[in-house]
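As structure tokens, the structure follows; a few thoughts come after it.
The values are calculated or read from the model by the stated rules, or taken from the named source; none is laboratory data. None of these values were measured; they are calculated from a predicted model. Quick reminder, even Gly has a Cβ in these numbers, built from the backbone with ideal geometry, and neighbours come from all protein chains shown. Side chains are part of the model used for accessible areas, which takes the heavy atoms of the whole protein and leaves out ligands, DNA and RNA. Shrake-Rupley method; radii C 1.70, N 1.55, O 1.52, S 1.80 Å.
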Amino acid sequence: MAAGNKTNQETELKIPCKDLDVVRNALRENNAREGFAGIERNVVFDTADRRLFASDGLLRLRQYDKCTLTFKGPRGETSPVKTRSEFEAEVVDFARMEQVLYGLGYGRVWVYEKFREEWFVGDATVTLDRLPCIGCFVEVEAADEDAVLAVARRLGLDISGATSKTYAELFEEYLAERGEEFRDLVFEEKESQ
């Protein structure tokens, strides 16, 4: 959820990026504030009958410099900015919350990791993500579509390649092209460096 965004709505632009250094330099030139940088571990939960997936929902437990539990509702229209409801709460104990979710009938369906850098431009959050196999992405999140697009323009981002797909969908496409089964998307030890 973007800094300063208390609307329980995610408004986000996701753009594949070949060179994160160019974006990082643009962020510095725009006096962006640096936030967390490091490995982020995400565990996605669903019911046995995949009820959340079927409704385009997401239940995620995330661990990085803190732990958060997030529920995301179905995606709305994209233009190329994606909007959906999002409810997020900080969690003190990752393992304990995982047990609570199991107790409520949810099971672990997918784990994915990314190296993430958070930057703040005004009230917007810009993240630079590097994932195993599927590459690098820039995400811009702000209170509304106009704010997202203004930050993207300010940073010189080319939004023509933006995608509304989730990392799971992008990874699924990657695997399908190679005839591989769906699996967790995690770094090998040497990749996370």
For this session: For segment 1-63 and segment 151-193, compute the distance between their C-alpha centroids and round to whole Å.
Result: 12
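Solvent-accessible area per residue for the chain at a 1.4 Å probe radius, Å²?
Numbers: 10080 Å² over 193 residues.
Here the residues of the chain average 52 Å² of exposed surface.
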For this session: Starting from the amide H of residue 165, placed 1.01 Å from N in the peptide plane, find each other amide H under 5 Å away whose residue is 5 or more places distant or on another chain.
Result: none
Exercise. Using Cα-only point scatterers and the Debye equation, what is log10 of I(q)/I(0) for segment 103-148 at each q in 0.15, 0.18, 0.19, 0.29 Å⁻¹, rounded to two decimals?
Worked result: -0.57, -0.69, -0.72, -0.99
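If I compute solvent accessible area with a 1.4 Å probe over the protein chains, what percent of it on the chain is carbon and sulfur? Provide the component values of the computation, followed by the final result.
Numbers: 4880 of 10080 Å².
Taking all protein chains in place, the chain shows 48 percent carbon and sulfur surface.
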For this session: May I ask you to list the trypsin sites (Lys or Arg not before Pro) in segment 90-193 that are in a DSSP loop and have at most 13 other Cβ atoms within 10 Å of their Cβ?
Result: 178, 183, 190
Exercise. What spacing in nm lies between the two simple spin-label points modelled at residue 36 and residue 90, each 7 Å away from Cα in the Cβ direction?
Worked result: 1.1
For this session: For the chain, compute the number of Lys pairs whose alpha carbons are separated by less than 18 Å, excluding pairs fewer than 8 positions apart on the same chain.
Result: 14
For this session: Report relative contact order for segment 87-166 in percent, whole number only (criteria: Cα-Cα under 8 Å, sequence separation at least 6).
Result: 16
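Count neighbours as other Cβ atoms within 10 Å of each site's Cβ, and list the trypsin sites (Lys or Arg not before Pro) in segment 43-78 that are DSSP loop with at most 12 such neighbours.
Numbers: sites: 50, 51, 60, 62, 66, 72, 75; in loops: 50, 66.
Answer in residue order: 50, 66.
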Exercise. Computed from the mean reciprocal separation of all distinct C-alpha pairs, what Kirkwood hydrodynamic radius does the chain have, in Å?
Worked result: 17.3
Exercise. What is the spin-label model distance, in nm, from residue 120 to residue 150 if the labels are put 7 Å beyond Cα along the C-beta direction?
Worked result: 1.8
Exercise. Which residues' amide hydrogens lie under 5 Å from the amide hydrogen of residue 91, considering only partners 5 or more residues apart or on another chain, with H built in the peptide plane?
Worked result: 67, 68, 69
Problem set entry | Amide N of segment 91-116 lying under 12 Å from the label point, which is placed 7 angstrom from the Cα of residue 51 along Cα→Cβ | 104-107
Problem set entry | Convex hull volume per residue for segment 118-193, taking Cα atoms only, in Å³ | 116
Seminar exercise, completed: Between the modelled labels at residue 175 and residue 25 (7 Å from Cα along Cα→Cβ) the distance in nm is 3.7
